[in-house]
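Okay, here's the structure, questions in a sec.
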Amino acid sequence: MTRVDRRTRNPGFFQRQYLRLTGRLRRATDHTDGETTDQRLDFADVSLSQLGPSPADTALTGAPLPAGDPRFLARDTARAAIEHAHATWREGRPRLIALTGPSGCGLSTVLNQIPSWLPGDTTALRIDLQHRPGTAGDALARVTHGFGAAPTGDAVDDAVACLTAQPPRLILVDNGHYLYSRLMGSNDGIRALHGLMVATQGHHLWLLACETQAWRRQCDATRTDRYFDDIIALDYLSRDDTATLLATRHPAAGDAALALDDDQIDAIFKTSRGHPALALHLAELAMRTNAGQIPAPFDESPLRELERTELLALAEISAHGVLTAADLQSIFRRDSQGINILLHHLHQCSLIAAVPREAAEPGYRLQPLLAPVINAHLVRANYLY
Amino acid sequence: MEDQTLAQLLTLLSLRHLVETILVIALAALLVRGIRFTLDTLAERYPRARLQLAQGFPAIRLLVWVATIVFIAMVIVRPPDSVMFALLGSLSLAVGLAAQDGIRNLIAGVVMIFNPPFRTGDMIQFGGHYGEVVRLDLSATWLRTFDDNTVMIPNAEFLKGAVANSNSGALDEMVVIPVDLPWPCNIAEARAIAADAARASPYCYLKKPVAVVVSQRQELGQLVVRLTIKAYVVDVRLERVMASDITERTLEALAERHTALTPEMSCAE
């Protein structure tokens, strides 16, 4: 039982200040009835669930914007670096490009825009990894399939021969977090894919989009960064970019009566940390409430009350992007019941979300809107590095 | 003359001085507790900075107590020089004779604050004890071993013998895990499995390298191949957990692949 659980009365002024400082204010007030326990990671003053499910309209969801969408916020530095790398590659110098960024910063949206940034005669091929390649054959088949060629088997050399017989292309690989695995004996597919990229970089231009945490782990575990000539790092939006995002994608955009003022934008930026989808959700909440009040930053006490294994599990889920119960069972050497209880608890705390997959066990990832908060906490606690 | 000295002493030991002194000491104790509470709260909030926060406390506490003693002597009591020198002389002699070991430990504690062989949070090996430094007092150091025993070691002892410090102020530390295999065995495969097992452990700090060293030794007349896995743990407190986890993974994988158990797969092939 925590210190907060024992509270039966409303906290006084000094107690409130102390709880505010230690991030336990919402939980303390939740316990005034002495019965229910709110373990969810949420805003300090209101519930995220008040927003309800995300609307289908991409103007408000975090879905990637299609190519050429006018609402795309210019990523000028990344664009210049990609254009330069492409020009260098065309001059005959082999290159591998990595595009990294924190979860939800808009990597897929940037990938969608890249073909339109390059000269018209550039042919792009998009490969969206849907799962972690189990074997070398599986990984190589995923790529050769993208070229419309038959699988070449487990040998990297055969796949290299197959790809070099194809006309040169810009190959955009999305969901690069699937190229990191902590599972014992499961790196053959990843190594094969890395080998294929390195061997064909003179013929094709590879661009791998990968979330920051997964990229760091790849670099730590296999020194992947040695092979990449350009590592372009994206970040969450700045305050000004957040204001532009809200002005262009907020449903009240253009309506002066509903427009957000500077203080509201500052508050949204402070709470969302520049995470686009979260900023849009906060704007929507402000629009729904009459006062236009922006929720206070997150109350992180549920994260602080997690046990070490739960924090380690969150860190592994963050680094891998998506993990199944079986994966976690292998990483933590626990029985299935233990892992299911752990996942259930993390789900109850709103920290992870299930990812349904066709004909496969569902995976789990960090709750997309809460990923910046969770990752920041895990870094502070030294479970992510 | 004697009457004058007595009168001076009575003035110094007046009730007002006594109350003020007690008040100042109480305030100092409260301040020290407040600082400790603040540092503990900060360490809970920022676990990554846990060691740095804990390391600053002994020096701060020393500073507070020295300032308190100086304040009491110079501002509250304000003894005449003659009394001060007489008291100091007598005190030094008495304390020096009665508490030689204590003073030695105290001086060693002060030396260790300014020239520390280890700090709070470090894992050290000393005099047959291995554990985390949980408290650094002026006269003694407290270790917590992996058996959850608390060991008190007088500070003077540290200036006499060699101390092995595993992490020197960092959260991560190298853990050495020996795994013995009967000869013959497939050494290359066993080494790869051991390295893979270390990297697969969720407690392994991947920012630092994993190494496996192979050596040989005799055990009960049998030739044994020793794999020494060297990996860094993400937090010193998880040292034994990681060692156990990696040993378990390595042995299971070796058994699964029959690397160590079937002579026909040996290097002699």
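Computed from the coordinates by the stated procedures, all read-outs in this text should not be read as laboratory data. None of the values given here were measured: they were computed from a predicted structure. Virtual Cβ from ideal backbone geometry, glycine too; neighbours counted across all protein chains shown.
For B:199-206, what's the mean count of beta carbons from other chains sitting within 10 Å of each residue's beta carbon?
Mean shielding count: 6.
Hey, got the average number of other protein chain Cβ atoms within 10 angstrom for residues in A:180-186?
The per-residue average across the peptide is 4.
Additional query: Which values of log₁₀ I(q)/I(0), to two decimal places, follow from the Debye formula for the stretch A:295-347 at q = 0.23, 0.26, 0.32 Å⁻¹ with a uniform point scatterer at every Cα?
Relative scattering, expressed as log10 I(q)/I(0), comes to -0.88, -1.06, -1.38.
Under a crude label model (7 Å from the Cα following the beta-carbon direction), how far is B:L31 from A:T164 in nanometres?
About 7.5 nm, to one decimal.
Label A:E305 and A:R226 with points 7 Å out from Cα along Cα→Cβ: what is the distance between them in nm?
Taking the simple label geometry, A:E305 and A:R226 are separated by 4.7 nm.
Compute the projected area of the convex hull of the Cα atoms of the stretch B:54-129, averaged over all viewing directions, and report it in nm² to one decimal place.
Numbers: hull surface 27.4 nm².
Directional mean of the projected Cα hull area for the stretch B:54-129 stands at 6.9 nm².
Binning at 10 angstrom from zero up to the longest distance, how are the C-alpha pair distances of the stretch A:66-134 distributed in percent?
Spelled out per bin, shortest first, that is 16, 50, 28, 6.
Taking the Cα-to-Cβ direction at A:D76 and at B:W142 and moving 7 Å from each Cα, how far apart do the two end points lie in nm?
5.8
Taking loop as defined by DSSP and a crowding limit of 11 other beta carbons within 10 Å, which trypsin sites (Lys or Arg not before Pro) in the stretch A:146-227 fit?
A:R223
Something else about it: Express the Stokes-Einstein translational diffusion coefficient of the stretch B:173-265 in µm² s⁻¹, to the nearest whole number, given a Kirkwood radius over alpha-carbon pairs, 25 °C and a viscosity of 0.890 mPa s.
For these conditions, the coefficient is 185 µm²/s.
Once the Cβ-Cβ distance between B:Q222 and B:I22 is put in as r, and R0 is 51 Å, what FRET efficiency do you end up with, to the nearest 0.05?
0.10
Still on this structure, I have one more. Name all residues of the stretch A:107-148 having a backbone nitrogen under 16 Å from the label point set 7 Å from the Cα of A:R357 along its Cα→Cβ direction, giving them as ranges.
Correct set: A:128-136, A:138-140, A:142.
So what is the calculated 222 nm ellipticity per residue for the protein assembly as shown, using -39500 (n - 2.57) for each DSSP H run with n of 4 or more, over all residues, to the nearest 500 deg cm²/dmol?
Numbers: 24 runs with 303 residues, N = 654.
Computed mean residue ellipticity for the protein assembly as shown: -14500 deg cm²/dmol.
Moving to a separate point now. Counting other beta carbons within 10 Å of each residue's own, what order do B:T228, A:T144, A:T77 fall into, fewest first?
In increasing order of surrounding Cβ atoms, one gets A:T77, B:T228, A:T144.
Right, here's the next one. Using all alpha carbons of the stretch A:302-385, what is the percent of pairwise distances in each 10 Å bin, ordered from the shortest bin to the longest?
The distribution over the stretch A:302-385 is 18, 57, 23, 2, given as percents.
Taking every DSSP beta bridge with both residues inside the protein assembly as shown, roughly what % is antiparallel (nearest 5)?
Here the share of antiparallel DSSP bridges comes out near 70 percent.
What is the calculated FRET efficiency for A:Q130 to A:A155, with r their C-beta to C-beta distance and R₀ = 22 Å, to the nearest 0.05?
Plugging the Cβ-Cβ distance into 1/(1 + (r/R0)^6) gives 0.40.
Regarding the stretch A:134-279, what's the average projected area of the Cα-atom convex hull, expressed in nm²?
For the stretch A:134-279, averaging the hull's shadow over all directions gives 11.6 nm².
Now for a separate question. Quick one: the Cα spread of the protein assembly as shown along its three principal axes, in angstroms, biggest first?
Computed over the protein assembly as shown, the largest-to-smallest principal extents equal 112, 87, 54 Å.
Here's something else I'd like to know. Under the Kirkwood approximation for Rh and a Cα-based Rg, what ratio Rg/Rh is obtained for the stretch B:2-98?
1.16
Can you give the extra length, in nm with one decimal, that the chain gains between B:K207 and B:I60 once fully stretched, where that is 0.36 nm per residue apart less the Cα-Cα distance?
Values: separation 147, 0.36 × 147 = 52.92 nm, distance 3.30 nm.
So the extension gain works out to 49.6 nm.
Follow-up question, since we're still on this one. When all C-alpha to C-alpha distances in chain B are sorted into bins of 10 Å, what percent of pairs does each bin hold, rounded to whole numbers?
Per 10 Å bin, starting at zero, the Cα-Cα P(r) for chain B comes out as 6, 20, 22, 18, 13, 9, 6, 4, 2, 0, 0 percent.
A further question follows. Taking the alpha-carbon distance from B:K207 and a cut-off under 16 Å, which lysines remain once sequence neighbours fewer than 8 residues away in the same chain are dropped?
The reachable lysines, counting only those whose Cα sits under 16 Å from B:K207, are B:K230.
Let me ask you something else. If R0 is 25 Å, what FRET efficiency do you get for B:A67 and B:S90 from their C-beta distance, rounded to 0.05?
My answer for the efficiency is 0.55.
Right, something else. Report, largest value first, the span of the C-alpha coordinates of the stretch A:74-184 along each principal axis, in whole Å.
Largest to smallest, the principal-axis extents are 40, 33, 21 Å.
If you wrap a convex hull around the alpha carbons of the stretch B:154-202, what volume per residue comes out, as a whole number of Å³?
146
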